[in-house]
Amino acid sequence: MDTEKPTSPAPHRRPHASSRRPVSYDLNLAHLPPPGIVSILHRVSGLALFFPILPALIYLLGASLASEEGYREWRSFFSEPAVKFVMLGVIWAYAHHFFAGLRYLLLDVHVGIAKAPARKSAMAVLVLGLLATLLIGWCIW
Amino acid sequence: MVKAYTKTPVGAHYGLGDWLLQRLTAVVMVLFTVGFAICLAVHKPGTYAEWKALFSGTFVRVTTVLFFTALLYHAWVGMRDILMDYVKPTAIRLTLQSAVVVALLLYLIWIAQILWSR
């Protein structure tokens, strides 16, 4: 039947040889198990916290403490919805890094080191990071 | 007689110290984060005067600088790990690592200057 479409040649297949071919694993990020997702997000959030989040927050702290006008200026700046959405990202980066770090501290002392609990705690970290972001976001909105 | 070269290419164990220091500094920052969050929730600084008063107490100033000192070591180990994993050319990696060290020292000096300049 495939011979009717000459533009898309069917791959040359021998029915009994295909089962003996080496398996190639799908290395898509989407197939990372929860501990892997927590791990890469821990790294990404750590990098983001180092730069640019940290210098930005230090600058804002300095400006808000320097004078009454500075304080008011930054308060009105933070009341903008767009800024608050960016702050949600900042809060998530800190919260995820925080909870993932606590999980690593527990793993270091061999708490929940087996595969099943490690998977569960990884999912808990992902959920807690988002919940903390929602909670703090609700407080600042 | 040729003396056998006994120095091993690995096993300086400086990695263990860094690893431990990263955990210790993490614990310091966890404690500060929880304490500071409780402090904010209790005092709810809503005006400039309250905001300024919060950061003028010696305890808050000292613990904030302690937090940033812990952060300096913690972020150094983390950033060094990232750079070692992804930046292979030695010259570029060492340049970036130096930049990280300078940036972290500047952060620390900056925060101390903010807290004590007034």
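FYI, it's all coordinate maths here, none of it is from the lab. Quick caveat: nothing in here was measured; it's all calculated off a predicted structure. With ideal geometry, Cβ positions are generated from the backbone for all residues, glycine too; neighbour counts draw on all protein chains shown.
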Query raised in the report: Cα centroids of region B:64-118 and region A:62-141: how far apart, whole angstrom?
Result: 21 Å
Query raised in the report: Taking 0.36 nm per intervening residue step and subtracting the Cα-Cα distance, what contour gain separates A:Phe51 from A:Ile140 on full extension?
Result: 29.7 nm
Requested in this report: Quote the FRET efficiency, to the nearest 0.05, computed for A:Ala66 versus A:Leu106 with a Förster distance R0 of 41 Å and r equal to the Cβ-Cβ distance.
Outcome: 0.50
Report task. Just tell me how shielded A:60-66 is by partners: mean number of partner chain Cβ atoms within 10 Å of each residue's Cβ, no decimals. Result -> 5
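Given a Förster radius of 35 Å and the C-beta distance between A:Phe85 and B:Ala91 as r, what FRET efficiency does 1/(1 + (r/R0)^6) yield to the nearest 0.05?
0.35
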Query raised in the report: So, with +1 on the Cβ of K and R and -1 on the Cβ of D and E, and no other charges, what is the size of the charge dipole of region B:14-116 about its Cα centre, to the nearest 20 debye?
Result: 80 debye
Requested in this report: Compute the length gained on full extension between B:Ala112 and B:Asp18: take 0.36 nm times their separation in residues and subtract their Cα-Cα distance, giving the result in nm to one decimal.
Outcome: 31.4 nm
Requested in this report: Name all residues of region A:125-141 having a backbone nitrogen under 20 Å from the label point set 7 Å from the Cα of B:Glu50 along its Cα→Cβ direction, giving them as ranges.
Outcome: A:136-141
Query - Neighbour-count ranking [beta-carbon atoms within 10 angstrom, fewest first] of A:Phe85, A:Phe50 - result: A:Phe85, A:Phe50
